[in-house]
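**Q** This is the structure I want to talk about, given as structure tokens.
The values are calculated or read from the model by the stated rules, or taken from the named source; none is laboratory data. It should be emphasised that the depicted structure is a prediction, and the values quoted were computed from it without experimental measurement. Here Cβ is always computed from backbone atoms with ideal geometry, including for glycine, and neighbour counts include all displayed protein chains.
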Amino acid sequence: MFAQPLNPFGNLVITMLVALVPIIVVLGLLAGLRLSAWITAIISSIITFLVALLWGVPADNLFHAYVYGLATGFWAIDWIVIWGIIILNTLVASGHFDKFRDWLIHSATRDVRIQAILIAWSFGALIEGLVGFGSPWAYVVPILISLGVADLEAIRVAALANNAPVSYGALGAPIIMLAAVTGLPLLNLSASVGRIVALLALFPPWILIYLVSGKEGLKEAWPLAIVASLSYILGQFPTSNYIGPYLPDIVGSLTSFAIILAFVHFWKPKHLRGFGGKILEEKELRSSDVKYTAGQVAWLFLPFIILIIVVVLGTGPWSPLPKIVLQVFSVKAISSITHKTMAVAFTFSPFVGGTFILISWLIILAILRPKFDKFKESMKKSFNQLWGAIITAMFMVALANTFNYSGMAGSLAYAFSQVGWIFILLAPILGWIGVALSGSNTSANAMFGYLQVSVGRILGFPPYLLPSLGSVGAEIGKPVAPQTASVGVSTSKYLRKEGDVIRHNMGWTLIILFYLILLGVLFLVFMPWAMEF
């Protein structure tokens, strides 16, 4: 059996520099040469394979690790993302999504603070939970602009509102990737990340209200900030801790919709304010005279309810179906960190999350029955959106498998561990850097997830703390990620002006990152039990 070398080049500095090559290549191709993610993933995975051969890994073992990574990337990640995007495009093709959006705009009062919370916070979380990859910006920004929010500020509000949901974006793809590359149980990772996200989610609604209405607006609407954060957490926290990573955003979003709408029915701010905090004249609270019956609202929410019911029944701890495994392919090695057997593997279970999302889509399709031409157009649109993401996920997991199996991740972890407990401050920053440059929480988890786990083992930290902090740190980097920004500005006049957007977002992003670092210290010092299972 292959034994991972800790210092194959006889000099720790040289070993560390060689081990950094795959990471430098990924970030250099993305941020430096601005290559597409799928091209970067292919090139970087091949270079990682070649470096692993220099590391001393037997070629046949390495080949198996690489191929198992390709298979895992498709079955664990792509099989979910494919059907999530197809569901959204089916809703668009049937006209259902436009009706849902119109109801949302109608439900928001003329007050810009309530509009920002309902549209950027609640609706943005729903789109993130279904699709991710910058899509919430693209959907939310034009709605906010149409309601009078300045373009650049609308982009920043959409970006910062998206902070909390990103870890569970695209039906849990980042957490699923993290579990795939670390070998940690999926439900435990979902729970540990969910506990950090629950505390993180206390902060953004206050920022959103301040950004659209200023200090005076925030003074009047602080109850709304509290309700917005707690209502999302009320759905997100139990879902992430007891069901899994597929639905926290969607359940959190729908829960926040219901509670916020009920709250603003009884609570009114002292003044109605427009963008910038301008006091509006007292008029009808509703934005239009259109009336929606309870049945119409229930119909609008029906596709999301179907998705929740099918996925919860199929993937929850009570379901025996995910435990059905037809074949396991693995290649083993002796870890340089634990000196125990470790493995990278592809497990083929037909009843994974993506399968139940497919079932959900078939039911939704049967109910909505879009016209054939519209359906055909939506499938074409889905393919155009998906093919790059499919390739990226497959080759990023292949890269991660190669990186981890060779022992490069273990050697880097050993080097990083030399800073001692201070690494608790660096773990979120590492995730932030990974997503700020790669544009993807999923990719950042693939690059750094096993590294974070290995550092934690060496330092004796709670086993889930560092990978969870890294994953949440990655979500905070999304507002300054060039790839995310390029998608997010596609529906605004800042198209191809991502630099302006990133500079505008940077300050608040760093403040939220500092808040996360404090949360990491809090968990390490006072609540280590929350990161142990």
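**Q** Quick check on this structure: which one of 153, 128 is part of a helix (DSSP H, G or I), out of contact with any Lys or Arg (no Cβ under 7 Å at 6 or more places or on another chain) and over 24 Å from residue 239 (Cβ atoms)? Show your work before the answer.
**A** Working: 128 fails: over 24 Å from residue 239 (Cβ atoms).
The unique qualifying residue is 153.
**Q** Got a number for residues in the range 350-365 being within 13 Å of residue 313 (Cα to Cα) and either at pLDDT 95 or above or in a helix (DSSP H, G or I) (or both)?
**A** So in the range 350-365, the residues within 13 Å of residue 313 (Cα to Cα) come out as 351-353, 355-357, 359-360.
Going one step further and asking which of them are either at pLDDT 95 or above or in a helix (DSSP H, G or I) (or both), we end up with 353, 355-357, 359-360.
Selection size over the range 350-365: 6.
**Q** Across the range 320-349, which residue is farthest from the chain's Cα centre (by Cα) among those that are in contact (Cβ under 8 Å) with a residue 12 or more places away in the chain, part of a loop (DSSP other than H, G, I, E, B) and closer than 25 Å to residue 248 by Cα?
**A** Among those that are in contact (Cβ under 8 Å) with a residue 12 or more places away in the chain, part of a loop (DSSP other than H, G, I, E, B) and closer than 25 Å to residue 248 by Cα, it is 324.
**Q** Another question, then. Specify which of the listed residues (197, 227) is surrounded by 22 or more Cβ atoms within 10 Å (Cβ to Cβ) and more than 22 Å from residue 82 (Cβ to Cβ).
**A** On the way: 227 fails: surrounded by 22 or more Cβ atoms within 10 Å (Cβ to Cβ).
Going through 197, 227 in turn, the sole match is 197.
**Q** Okay, moving on. What do you reckon, is residue 208 touching a strand residue (DSSP E or B) at 6+ places or on another chain (Cβ under 7 Å), more than 25 Å from residue 304 (Cα to Cα) and either modelled with pLDDT of 95 or more or surrounded by fewer than 17 Cβ atoms within 10 Å (Cβ to Cβ) (or both)?
**A** Working: touching a strand residue (DSSP E or B) at 6+ places or on another chain (Cβ under 7 Å): no; more than 25 Å from residue 304 (Cα to Cα): yes; either modelled with pLDDT of 95 or more or surrounded by fewer than 17 Cβ atoms within 10 Å (Cβ to Cβ) (or both): yes.
So residue 208 does not fit the description; no.
**Q** Sticking with this structure for a sec: Here's a check for you: in the range 478-529, which residue that is part of a loop (DSSP other than H, G, I, E, B) and among the aromatic types (Phe, Trp, Tyr) is modelled with the highest pLDDT?
**A** Within the range 478-529, the subset part of a loop (DSSP other than H, G, I, E, B) is 481, 492-497, 526-527.
Cutting the leftovers down to among the aromatic types (Phe, Trp, Tyr) gives us 494, 526.
Details: 494: 75, 526: 96.
Ranking the candidates gives 526 first.
**Q** Which residues, counting only those in the range 102-122, are surrounded by 17 or more Cβ atoms within 10 Å (Cβ to Cβ) and not hydrophobic (A, V, I, L, M, F, W, C)?
**A** Scanning the range 102-122 gives 107, 109, 110, 111, 113, 115, 122.
**Q** What single numbered condition from (1) crowded, with 24+ Cβ neighbours inside 10 Å; (2) of a type in the set (A, V, I, L, M, F, W, C); (3) modelled with pLDDT of 90 or more; (4) more than 20 Å from residue 355 (Cα to Cα) fails to hold for residue 150?
**A** (1)
**Q** When you look at residue 102, is it touching a strand residue (DSSP E or B) at 6+ places or on another chain (Cβ under 9 Å), among the charged types (D, E, K, R) and over 24 Å from residue 436 (Cβ atoms), yes or no? Explain how you work it out, then say what you get.
**A** Details: touching a strand residue (DSSP E or B) at 6+ places or on another chain (Cβ under 9 Å): no; among the charged types (D, E, K, R): yes; over 24 Å from residue 436 (Cβ atoms): yes.
So residue 102 does not fit the description; no.
This table checks each residue for (1) within 25 Å of the chain's Cα centre (by Cα); (2) modelled with pLDDT of 85 or more.
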{"residue": "62", "(1), (2)": "no, yes"}
{"residue": "77", "(1), (2)": "yes, no"}
{"residue": "100", "(1), (2)": "yes, yes"}
{"residue": "106", "(1), (2)": "no, no"}
{"residue": "129", "(1), (2)": "yes, yes"}
{"residue": "134", "(1), (2)": "yes, no"}
{"residue": "138", "(1), (2)": "yes, no"}
{"residue": "141", "(1), (2)": "yes, yes"}
{"residue": "145", "(1), (2)": "yes, yes"}
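**Q** Further, regarding this structure: Would you check which residues across the range 238-278 are among the small types (Gly, Ala, Ser), part of a helix (DSSP H, G or I) and on the phi < 0 side of the Ramachandran plot and list them?
**A** Quick first cut of the range 238-278, residues among the small types (Gly, Ala, Ser) only: 240, 244, 252-253, 256, 258, 262, 274, 276-277.
Narrowing the set further to residues that are part of a helix (DSSP H, G or I) leaves 240, 252-253, 256, 258, 262, 276-277.
Answer for the range 238-278, where residues must be among the small types (Gly, Ala, Ser), part of a helix (DSSP H, G or I) and on the phi < 0 side of the Ramachandran plot: 240, 252, 253, 256, 258, 262.
**Q** Only one of these is under 22 Å from residue 127 (Cβ atoms), surrounded by 14 or more Cβ atoms within 10 Å (Cβ to Cβ) and free of Cβ contacts under 8 Å to residues at least 12 places away in the same chain: 361, 299. Name it. Before you say what the answer is, go through the steps one by one.
**A** Numbers: 361 fails: free of Cβ contacts under 8 Å to residues at least 12 places away in the same chain.
Of the residues listed, the single one that is under 22 Å from residue 127 (Cβ atoms), surrounded by 14 or more Cβ atoms within 10 Å (Cβ to Cβ) and free of Cβ contacts under 8 Å to residues at least 12 places away in the same chain is 299.
**Q** Here are 184, 118, 171: which of them is among the aliphatic types (A, V, I, L, M) and not in a helix (DSSP H, G or I)?
**A** Numbers: 118 fails: not in a helix (DSSP H, G or I); 171 fails: not in a helix (DSSP H, G or I).
Exactly one residue qualifies, and that residue is 184.
**Q** Of the conditions (1) over 19 Å from residue 382 (Cβ atoms); (2) of a type outside the set (Asp, Glu); (3) more than 22 Å from the chain's Cα centre (by Cα), residue 41 clears all except one; give me its number.
**A** (3)
**Q** Among the residues in the range 284-292, are any modelled with pLDDT of 90 or more, more than 21 Å from residue 125 (Cα to Cα) and over 28 Å from the mean Cα position of the chain (by Cα)? Write out each step before concluding.
**A** Just the residues of the range 284-292 that are modelled with pLDDT of 90 or more, to begin with: none.
The answer is no, given that none of the residues of the range 284-292 is modelled with pLDDT of 90 or more, more than 21 Å from residue 125 (Cα to Cα) and over 28 Å from the mean Cα position of the chain (by Cα).
**Q** Continuing with the same structure: Only one of these conditions is not met by residue 277: (1) small (Gly, Ala, Ser); (2) at pLDDT 95 or above; (3) surrounded by fewer than 24 Cβ atoms within 10 Å (Cβ to Cβ). Which number is it?
**A** Just one mismatch for residue 277, condition (2).
For every residue, the table says whether it meets (1) crowded, with 24+ Cβ neighbours inside 10 Å; (2) touching a residue at least 60 places away in the same chain (Cβ under 8 Å); (3) not aromatic (Phe, Trp, Tyr).
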| position | (1), (2), (3) |
| --- | --- |
| 386 | no, yes, yes |
| 393 | yes, yes, yes |
| 405 | yes, yes, no |
| 415 | no, yes, yes |
| 420 | no, no, yes |
| 427 | yes, yes, yes |
| 441 | yes, yes, yes |
| 451 | yes, no, yes |
| 463 | no, yes, yes |
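**Q** State whether the residues of the range 55-77 include one that is in contact with a helix residue (DSSP H, G or I) (Cβ under 9 Å, 6 or more places away or on another chain) and closer than 19 Å to residue 250 by Cα.
**A** yes
**Q** Here is a follow-up. Restricting attention to the range 133-176, which residues are β-branched (Val, Ile, Thr) and over 27 Å from residue 193 (Cβ atoms)? Working first, answer last.
**A** Start the filter on the range 133-176 by keeping residues that are β-branched (Val, Ile, Thr), which leaves 140-141, 143, 145, 149, 155, 157, 166, 175-176.
The answer is 143, 145, 149.
**Q** In the range 44-58, how many residues are closer than 16 Å to residue 336 by Cα, small (Gly, Ala, Ser) and either in a helix (DSSP H, G or I) or under 32 Å from the mean Cα position of the chain (by Cα) (or both)?
**A** Within the range 44-58, residues that are closer than 16 Å to residue 336 by Cα, small (Gly, Ala, Ser) and either in a helix (DSSP H, G or I) or under 32 Å from the mean Cα position of the chain (by Cα) (or both) number 1.
**Q** Taking the conditions exactly as written (over 30 Å from residue 480 (Cβ atoms) and either in contact (Cβ under 8 Å) with a residue 24 or more places away in the chain or surrounded by fewer than 16 Cβ atoms within 10 Å (Cβ to Cβ) (or both)), does residue 30 satisfy them or not?
**A** no
**Q** While we're here: Sort out which residues of the range 12-42 are hydroxyl-bearing (Ser, Thr, Tyr) and touching a helix residue (DSSP H, G or I) at 6+ places or on another chain (Cβ under 6 Å), and write them in order of number. Outline the logic, then answer.
**A** Our first condition is that a residue be hydroxyl-bearing (Ser, Thr, Tyr); within the range 12-42, this holds for 15, 36, 40.
Matches in the range 12-42: 15, 40.
**Q** Shifting gears a bit: Give the residue that is surrounded by the most Cβ atoms within 10 Å (Cβ to Cβ), with candidates limited to residues of the range 364-384 that are closer than 30 Å to residue 38 by Cβ and free of Cβ contacts under 8 Å to residues at least 60 places away in the same chain. Steps first, please.
**A** First, the residues of the range 364-384 that are closer than 30 Å to residue 38 by Cβ: 364-365, 370, 373-384.
Imposing the further condition that a residue be free of Cβ contacts under 8 Å to residues at least 60 places away in the same chain reduces the set to 373, 376, 380, 383-384.
Working: 373: 9, 376: 12, 380: 11, 383: 14, 384: 9.
Looking at residues that are closer than 30 Å to residue 38 by Cβ and free of Cβ contacts under 8 Å to residues at least 60 places away in the same chain, I get 383.
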